Amino acid sequence: ARALAAVGGGDADEASDDPSRAFLLALLLGEHEHGVAETRSAFQRVGVAHLLAISGFHLTALVLVGVGAARLFGDRGWLEPALAAALVVLYLAVLPAEAPIVRAGALLLALLAAEAFGRRYDRLTILGWITLALLVWRPADAGSLGLRLSVGITALLLWTAEARPEFVFGPPRVLGSPWIGPGLLARAARALRSFFMVNLACWLVAAPLIARQTGAFSPLGAPATALLTGPLTLVLVAGHAGAILSSLLPEAAPAVSAALAALCRPVLALVHAVDALPFAQLSLGRVSLAWTVFATGAGVALVALGPRRRVLAWSLAGLAVLWGVAEARLRPALAPGVLLRVDMLAVGDGSALLVRSGEEALLWDCGSLTPGVGLHTVPRAAHALGAPTPTALLSHPNIDHYAGLPDAAPALGVRRLLASPALFAAAEAAPDGPEALLLRLLAAQGVT
């Protein structure tokens, strides 16, 4: 309750009306209220959803707070990872017991335990044993994208931390000579470059898996992650420190909450600015398993081979790109012999249909009285059916026929709206009404 007071300024219902406080609740406490829906969609489109959903990144920020506080009082040896582990356990007790959170906690606690014993355990081997334990705990997670990314990206990070390769582009040089020499500024430049390269490596390996699962590709995922990780780490460290402070001194909660909300606003503005850029997300439809395996392998090759076999690595990457483009262009929209197909989506009290013929697709209505269908139900169904829909049609201006369209349009790549004169007449008659708001929202997204 004290953490909630520090993060949300009160209870979750009040905080969910403020986007910055709702964002903090999701980022620090895993409370996904309705006020964070738009922000979550922006994070997904930009390709940085992993920074919002609580994971090892968030727990590591908590460890940073604990270890940093311990080191104020000198070198404490095994007590440092022990204190960090105690903070992680306490944090996990507060968070909802969802599989990704438990998985991240198990990974981090096992690695901290290995550090506390002071022996030179091989971290990749430890990761392998943790993965086996997680699969024994939840065998169904063997096909989970979350487990594959958690284990795969963690393995990649551990490997790059040990090997520190100058992958992809080779060592930095200007006219054949190294341009980064000794000194504090040089070390900072090296650290920044290494940080970006590690983000790029993670994106190269993860992007094909995400495209296979979601049907979307975020070209700006790597630079956006590099751009946002620093500010978000600052928010996480301040948030964890503020929650701990408010637990010890409840009277400090209002000031802490206001400071954290102010710290979040520039981060949210940055995410929405990146989201507004052209080609922030591309809709691919369904991609084949063969392409996914090859593209992931090409990403690993770029990281592993790097400057030693640069021509081979870049050739594999180029082939993966050409294969993906060809697959997207040549894939038939419908099965052979099918001239017309209509799929009615289960959106509850409302209407949403996908109408397809030849290479064309039409989203016929997109509404429901159930919140969130435009964010989740309709985009997921369209991806499962392999049907990107550049055109939407509204049969008539009832809110249960169009309420989900502003959320679904970016994910589906909607560029054109067909509607009867009744919609435009209703918008003109009530400039502050829902029909006028619908047209404004779609116009802001570039829908004609």
Take the residues of region 393-410 that are aliphatic (A, V, I, L, M) and assigned to a helix (DSSP H, G or I): which is farthest from the chain's Cα centre (by Cα)?
Ile399
For the subset of region 41-85 comprising residues that are basic (Lys, Arg) and without any contact (Cβ under 8 Å) to a residue 24 or more places away in the chain, which member is most open to solvent (accessible area, probe 1.4 Å)?
Arg71
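Conditions (1) charged (D, E, K, R); (2) farther than 30 Å from Leu282 by Cα, marked per residue:
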| site | (1), (2) |
| --- | --- |
| Phe23 | no, no |
| Leu29 | no, yes |
| His32 | no, no |
| Arg40 | yes, no |
| Ile54 | no, no |
| Val65 | no, yes |
| Ala69 | no, yes |
Scan region 370-410 residue by residue and report those that are hydroxyl-bearing (Ser, Thr, Tyr), open to solvent by 20 Å² or more (accessible area, probe 1.4 Å) and modelled with pLDDT of 90 or more.
Ser395
Quick one: which of Ala273, Ala295 is surrounded by 16 or more Cβ atoms within 10 Å (Cβ to Cβ), modelled with pLDDT of 75 or more and of a type in the set (Gly, Ala, Ser)?
Ala295
Kindly indicate whether any position in region 233-250 is open to solvent by less than 40 Å² (accessible area, probe 1.4 Å), farther than 30 Å from Ala207 by Cβ, hydroxyl-bearing (Ser, Thr, Tyr) and not in a strand (DSSP E or B).
yes
So is Gly367 surrounded by 19 or more Cβ atoms within 10 Å (Cβ to Cβ), of a type in the set (Gly, Ala, Ser) and within 26 Å of Ser288 (Cα to Cα) or not?
no
Failed condition for Gly221, given (1) buried (at least 21 other Cβ atoms within 10 Å of the Cβ); (2) farther than 30 Å from Gly386 by Cα; (3) not polar (S, T, N, Q):
(2)
Residue check, Ala104 against (1) farther than 30 Å from Phe217 by Cα; (2) modelled with pLDDT of 80 or more; (3) of a type in the set (Gly, Ala, Ser); (4) crowded, with 19+ Cβ neighbours inside 10 Å, all met but one. Which one?
(1)
Just to be sure I understand, how many residues within region 253-270 are more than 21 Å from the chain's Cα centre (by Cα) and surrounded by fewer than 16 Cβ atoms within 10 Å (Cβ to Cβ)?
5
Test: Val94 is touching a residue at least 12 places away in the same chain (Cβ under 8 Å), more than 27 Å from Val205 (Cα to Cα) and surrounded by fewer than 17 Cβ atoms within 10 Å (Cβ to Cβ):
yes
Scanning region 411-448 residue by residue, the ones that are part of a helix (DSSP H, G or I), in contact (Cβ under 8 Å) with a residue 24 or more places away in the chain and open to solvent by 40 Å² or more (accessible area, probe 1.4 Å) total 3
Against the conditions (1) at pLDDT below 80; (2) of a type in the set (Gly, Ala, Ser); (3) in a strand (DSSP E or B), where does Gly367 fall short? Just the number, please.
(1)
Scan region 115-161 for residues that are open to solvent by 80 Å² or more (accessible area, probe 1.4 Å) and either among the polar types (S, T, N, Q) or more than 30 Å from Phe196 (Cβ to Cβ) (or both) and report the count.
9
All-but-one check, Val338 against (1) in contact with a Lys or Arg (Cβ under 9 Å, 6 or more places away or on another chain); (2) within 24 Å of Gln44 (Cα to Cα); (3) free of Cβ contacts under 8 Å to residues at least 12 places away in the same chain, failing number (2)
For region 361-378, check the following and say yes or no: at least one residue is farther than 22 Å from Leu334 by Cα and among the acidic types (Asp, Glu).
no
Being open to solvent by 90 Å² or more (accessible area, probe 1.4 Å) and part of a strand (DSSP E or B) is the filter; apply it to region 335-364 and report the residue that is modelled with the lowest pLDDT.
Glu360
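Please find, among Leu109, Leu62, Leu72, Leu79, the residue that is touching a His at 6+ places or on another chain (Cβ under 9 Å) and either at pLDDT 75 or above or not charged (D, E, K, R) (or both).
On the way: Leu109 fails: touching a His at 6+ places or on another chain (Cβ under 9 Å); Leu72 fails: touching a His at 6+ places or on another chain (Cβ under 9 Å); Leu79 fails: touching a His at 6+ places or on another chain (Cβ under 9 Å).
Checking each option against the conditions leaves just Leu62.
The values are calculated or read from the model by the stated rules, or taken from the named source; none is laboratory data. Everything quoted here is computed from the prediction, not taken from an experiment. Note that each Cβ is placed from the backbone with ideal geometry, even for glycine, and that neighbours are counted across all protein chains shown. Heads up: the accessible areas ignore ligands, DNA and RNA and are worked out on the full protein's heavy atoms, side chains in. Shrake-Rupley method; radii C 1.70, N 1.55, O 1.52, S 1.80 Å.
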